[in-house]
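Here the structure comes first, spelled out in structure tokens, and everything after it is commentary.
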Amino acid sequence: MEVVDYSKAPPLIEGNPTLGHIDDSIAVPMEKRPSKKYFAALSITLTMLLIGAVALGYTFYYGIGMWGNNIPVGWAFDITNFVFWIGIGHAGTLISAILFLFRQRWRTGIARFAEAMTIFAVMCAGLFPLIHLGRPWYAAFVFPYPNQHGIWINFNSPLVWDVFAVSTYFTVSLMFWYIGLIPDLASMRDRTTNKFKKAVYSVLSLGWRFSNKHWQHYEKTYVILAGLATPLVLSVHSIVSFDFAVSILPGWHTTIFPPYFVAGAIFSGFAMVMTVLIIVRKVFDLEYIITKKHLDKMAKIILVTSMMVAYAYLMEPFIAWYSGNAVDWFVVVSRATGHYAVGFWMMVACNVFIPQLFWFKKIRSSIPALFIISLLVNVGMWLERYIIIVTSLYRDFLPSAWHIYTPTIFDFGILIGSFGLFFTLVLLFSRTLPVISMSEVKGVVEGAHPTHHIGAEHE
Amino acid sequence: MRVLIQHIILVQNMSEIQRIPPSGRRLYGITAIFDNPDKVLSATKAATQEGYKDFDVYSPYPIHGLDNAMKLKPSRIGVVTLVLAMIGVVSILLFTWWTNSVNYPLIIGGKPYFAWPSYIPITFEMAVLFGAVSTVISLIAIWLGLPRNSHPLHDTEFMKKVSSDRFGVCVEATDPKFDEKQTMDFLQRLGGENVELAYYEVHELSLRKAVLDPKFVGAMVIVAVASSGATYFSLNKMLLMRPWSSLNNQFKVLPESRSTFYADGFAMRPPVEGTVARGHMPYIFSGNMPSAEKYMKNPLLPTPRVMEVGQRDFNTYCSPCHGYFGDGDSRLQGQFPSPPSLHSDTLRHAPDGHFYQVMTDGFQNVMPSYARQIPRDERWAIVWYIRALQRAEHAKGSDVK
Amino acid sequence: MITTDKTVALKTVKLPESFSRISWSLLIIGIILTLLSFAVNPKHASFGLIMTLAFVASVGIGSLFWVGIEYVSSAVWSTALRRPFEFIAGVIPFLIVIAIPLLLKMHTVFEWTRKSLLKTDPALVIKAPYLNEPFFIVRTLVVFGIWWLFYYLIIKNSKLQDTTRDPKLTARNVRLSAAFMPIFGITLTIFSIDWMMSLTPDWFSTVFGVYFFSGAVLAAMAFATLLIVKLNERNLFPVKLTADHYYNLGAFLFAFVNFWAYIGFSQFMLQWYGNLTVETAWYIPRMHGSWAVISIALVLVHFIIPFFALLTKPAKMNPHRLVFMSVWILFAHALDIYWIVMPVYDPGGATFGLSELAFLIASAGIILTVFSYKAKSNNLVPVGDPKLQRGLEFHI
């Protein structure tokens, strides 16, 4: 057994690089001409985006009848994708806000990327309720504004809560991300020799001067934003879960939904961050900042959240049985044995059984294993939302209304398109902005802080 | 965009610019570079001890302990967050209450008008939104005084260093203890390298010049033309095209056109043979006036409501020919033969069934049947109204009571 | 083998005799009051004893959870503070003692034990394979047994390290705690379903276990904070704790106050919104009559007031505020349990009598007595823990 030295804090960055070296290596992707591989990747994601755009064009032109949705399955791929992407978005805020509050300083290496992924994922997510409106140019109707009809939106509706939650979440995440970017943009401003880039960086960095009088307020604001973002991130997926749980549909109406959805969101979000970071650290030579220890810790968080999800998987059927409610129990049985049973068991396997491999240190330190498991977790979590939505709907209360839902190519096209959008944005981001927070990483390098001061602050 | 930013900066700098001596160069302060955080911390402590107040430390990342060394007061920005978050809570609660229970009350799901548990999620979101946005805006605009891209320290070697891997101190000229020579010596003594003077740059002094810059004016004109054009196009053209045309193009048969869906070209399907319309009542006295007069009685009572309906229907359907009072004074200006007065003795003594039969069946090929336009009960109401008119024209003394 | 190269300077401290005297007398008064209440009104007293069991169990198992979490997450800030948690977890072996009188007389409190009800309530027939007396007793014994086992193993390693200073024991406890976490989740849920949810046998809520968890870990943290801060302020703690340690304690209290509100609101809102008879039946007595007052008080006492009292950073670091809010939160947790349990006894209105008094005094007495007993015979800080020095140097 490997003996861990508990008496020393593990270093957060490998090889003890100089501050200048950190700048250099993080700035490389922004300063070098991208390689052919980059363009190859970009062309793949743009193709996916194009597929999505075509499917979306058809949907807009002919209406959402192009999809497989039909009564009683009125929600299917669209809402599945919405919940899936919102979930992906949760890891970013979790890493940047919650781990910040817990002073898990290993987060510095991955926070920026995860935050960017949050923003892109929320953009993808926001797309789906919008296109599910059928006529998205009327989307303004969901906001409460005084109008000639003399009516107001229904604040009792969880769908309205969603509008508030997702737009607040997007706004706050964007601000959080931008506030974090300001010092790095200023660093880039002073680094670059290109006149145009300098102008852009100057404008975006707002003329940041690295002054300590500024840092003081800046850090306080960062803490406050983290403190606000932490309950916000919990509330967003809770409110998404309310979309289902406030109804009295069996399989949806269950009180564990809010924490269960949040755990699931963190679970899938971490898996997605891991998938992307494994590629990023390799491609951009950032293995000394995004170390194996980072991946190990993320794997542990995936394991923990997997067990939270498993807890919900246990509680739901147990209480469905315990309630003595025949309809509730019927849905549990129909999920496990009905038309969508394959999806259900794949979901259980991907979300509960496979992540259990992370109990083993060997698996946690094997990059291919981490990569494959993180992909499977994402598949599992997508299936989870699909199973929750479709299996609760397709067997309506009246057996005469039962209807098997089958997605059309347009459903798949839009799903592929959302991945295309996400990865295109990720690729563009990785070339235009610092993918790792320079100022934060500099702050956790060994010797970054005065040596003799520790503990002096509060005496 | 750049020009725009310069405007903002110029406005911010106006106060400083006014104080610039005619020579054009004004000292901002003295900068020094330090190697590591330990050195800069001890330099900071020394500067504080020496009595300097207007100085600042520059570092690529926030360094622990500097705030205390500079004797900075704890940031109070949290107050903004708290106050604005509370304002958010109160305003959204008032708003949901007012919209959903005062201005547009609707009962939804058997819940009370002010269903507070439903409003808590939104209340929370608004608290966070108000708190976060106000914090960030006030941080940037009030506490940091940003955006400001024309600070004397910008584009200096000093800034290049502190933005990457060095640590710097800048003592500003506004400090009461500031003395060009002494302060330079002081910083050098502390181990500062590259001790230099930093000056304000004084180009682009005139705000007017920037506003009248042809590039700026041109950009504004282009923006104006483009945005008004886009607005015109989207509101007047785009919204009439598919798919924005909002169900203007539907798969349906328009009036007076053939259905392409059904072989027979009709859009409506004929009802199944033997279908009886809802509420249909067979009328057995058709063409049989004597029986109608003999067997039918008005089923309604002359309540005010019945009289009202009768009056309304009489005025709508009967009065064009019979006149408002049944005098037979047609308003149709002879396009149609005027009917006789309803106040003749014969008609005054005719039974109710007579009038009903006339309305239902039509009369002598002159008056058509009104059975399709006027429902059964309303025809009877009209009968009551006719009776009232007749009585009014032949009022007796006892009626006054 | 790695051993710690730094040694920690320890003060020798001794808990004052008065502490142990007060604890013992509270315990004895509590026991006498409990016995008295049984003499006066056995049914009322049984419900009172359920509250005592729930309170003591939540504080005890919650403390063990914090100990486990420290190991699993390799946290260092709490290493110096771990012992008080361990001592409080020492109540776990005594839970069965509190439970025995209730297990012997299950009919007085658990409606589902009545055979006559099976005929009228079809849902109870379905539940009967779970809700029956023998299985209930087995479950209780197994749950307490598992808790005791993990308590025994983890604490044994921790104590052993005081003398051997073997870092391998930390590694062993890390693995033990990792295994404990999922088991903790399931057993705590079973405990909460059995002892509180099944009091209203028709009612169900999937999140109930999480709800009880949120209150339990909060109460455990509050109890430990109370003792730690009090001891440290009176100079009775062997090491010097700083405001940064206080800050973390306060932050966790604050976090779990919010977490409790979040779970409690979710449970309430969903059942209120769904408006199904079988679900709202649990909330209706609690929202009418004097219980409505208790419900509103619960929201204020358990959430709103602690939220504002612990919101700012200086508040989290202020020892007086922390001590006061710890007591406050413990009271809030007692109120929470009261709010869960007692409306079953009397749906008509809030009760306060001998049983409630016995509950408050006995709960405090049991935990304090166990603490003072353990504190006498053990080190107040884990002197052999390799993380101790880092824990003391911790700063935010």
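Readers should treat all values here as calculations from the given coordinates under stated rules, not as data from a laboratory. What you see is a predicted model, and the numbers here were worked out from it, not measured in a lab. Neighbour counts run over all protein chains shown; Cβ positions are idealised from the backbone, glycine included.
Data for the structure
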{"read-out": "Normalised contact order of segment B:1-205, rounded percent, pairs of Cα under 8 Å and 6 or more residues apart", "value": "47"}
{"read-out": "Stretchable slack from B:Gln373 to B:Asp185, in nm (0.36 nm times residue separation minus alpha-carbon distance)", "value": "57.0 nm"}
{"read-out": "Nitroxide proxy distance, nm - points 7 Å out along Cα→Cβ at B:Met289 and C:Glu111", "value": "7.8"}
{"read-out": "Ranking of A:Thr406, C:Thr312 by count of other Cβ atoms within 10 Å, fewest first", "value": "A:Thr406, C:Thr312"}
{"read-out": "Percent RCO, i.e. relative contact order, over segment B:312-379, from Cα pairs under 8 Å lying at least 6 residues apart", "value": "19"}
{"read-out": "Label-point separation, B:Ala388 to B:Val102 (7 Å along Cα→Cβ), nm", "value": "4.3"}
{"read-out": "Gaussian network model of chain C, Cα within-10 Å springs - most flexible of C:Ala45, C:Ala309, C:Ala332", "value": "C:Ala309"}
{"read-out": "Stokes-Einstein D for segment B:1-205, Kirkwood Rh over Cα pairs, 20 °C, 1.002 mPa s (µm²/s)", "value": "103"}
{"read-out": "Peptide B:272-284, shielding by other chains (average Cβ, 10 Å cutoff)", "value": "0"}
{"read-out": "3J(HN,Hα) from dihedral phi, segment C:66-72, Karplus parametrisation 6.51/-1.76/1.60, rounded to Hz, x for glycine, proline", "value": "5, 4, x, 4, 4, 5, 5"}
{"read-out": "Within chain B, longest stretch clear of exposed GluC sites (Glu not before Pro) (DSSP loop, no more than 10 other Cβ within 10 Å)", "value": "B:1-255"}
{"read-out": "Residues B:Asp213 and A:Lys198, FRET efficiency given R0 of 25 Å [Cβ-Cβ distance, rounded to 0.05]", "value": "0.80"}
{"read-out": "Test item: B:136-146 mean partner chain Cβ contacts at 10 Å", "value": "6"}
{"read-out": "Nearest-0.05 FRET efficiency for B:Arg305 and B:Asp54, computed from C-beta distance (R0 60 Å)", "value": "0.10"}
{"read-out": "Rounded to whole Hz, the Karplus (6.51, -1.76, 1.60) HN-Hα couplings of segment A:382-391, x for glycine and proline", "value": "5, 4, 4, 5, 4, 5, 4, 6, 6, 6"}
{"read-out": "Packing-based exposure ordering (other Cβ within 10 Å, fewest first) of B:Thr316, A:Thr45", "value": "B:Thr316, A:Thr45"}
{"read-out": "Amide H within-cut-off set for B:Gly328, under 5 Å, with H built and near neighbours excluded", "value": "B:Gly323, B:Leu342"}
{"read-out": "Inter-label distance for C:Leu103 and B:Ser42, nm, one decimal - labels placed 7 Å from Cα along Cα-to-Cβ", "value": "6.8"}
{"read-out": "Linear extension gain, C:Ile28 paired with C:Thr312, 0.36 nm per residue minus alpha-carbon span", "value": "98.3 nm"}
{"read-out": "Per-peptide average of other Cβ atoms within 10 Å, ordering C:333-342, C:298-307, A:198-207 highest first", "value": "C:333-342, A:198-207, C:298-307"}
{"read-out": "Radius ratio Rg over Rh of the protein assembly as shown, counting only Cα atoms, Kirkwood formula for Rh", "value": "1.07"}
{"read-out": "Least to most buried among C:Arg390, C:Arg21 (fewest other Cβ within 10 Å first)", "value": "C:Arg21, C:Arg390"}
{"read-out": "Candidates B:Ile108, B:Ile137, B:Ile284: whichever shows maximal mean-square fluctuation once chain B is modelled as a Gaussian network with Cα springs under 10 Å", "value": "B:Ile284"}
{"read-out": "Phi to ³J(HN,Hα) by Karplus 6.51 cos²θ - 1.76 cosθ + 1.60 over segment C:332-337, Hz, x for Gly, Pro", "value": "4, 5, 4, 5, 4, 5"}
{"read-out": "Alpha-carbon centroids, segment C:337-396 and segment A:361-429: separation in whole Å", "value": "45"}
{"read-out": "Calculated FRET efficiency for the pair B:Tyr199/A:Asn154, C-beta based, R₀ 45 Å, to 0.05", "value": "0.15"}
{"read-out": "Amide H contacts under 5 Å for B:Phe167, placed H, 5+ residues apart", "value": "B:Phe34"}
{"read-out": "Distant-in-sequence amide H partners of B:Tyr28 (H built 1.01 Å from N, under 5 Å)", "value": "B:Ala198, B:Tyr199, B:Tyr200"}
{"read-out": "Sequence-separation-based contact order of chain A, relative, with Cα cut under 8 Å and 6+ spacing, percent", "value": "32"}
{"read-out": "Residue mean of other protein chain beta carbons inside 10 Å, B:113-126", "value": "6"}
{"read-out": "Entries of A:Lys300/C:Lys168; A:Lys198/B:Lys73; B:Lys45/B:Lys181; A:Lys293/C:Lys159 with Cα pairs more than 27 Å apart", "value": "A:Lys198/B:Lys73; A:Lys293/C:Lys159"}
{"read-out": "Cα-centred dipole magnitude for segment B:289-393, charges only on beta-carbon of K, R (+1) and D, E (-1), debye, nearest 20", "value": "220"}
{"read-out": "Modelled label reach - A:Trp359, point 7 Å along Cα→Cβ, segment C:168-188 residues with backbone N closer than 19 Å", "value": "C:171-188"}
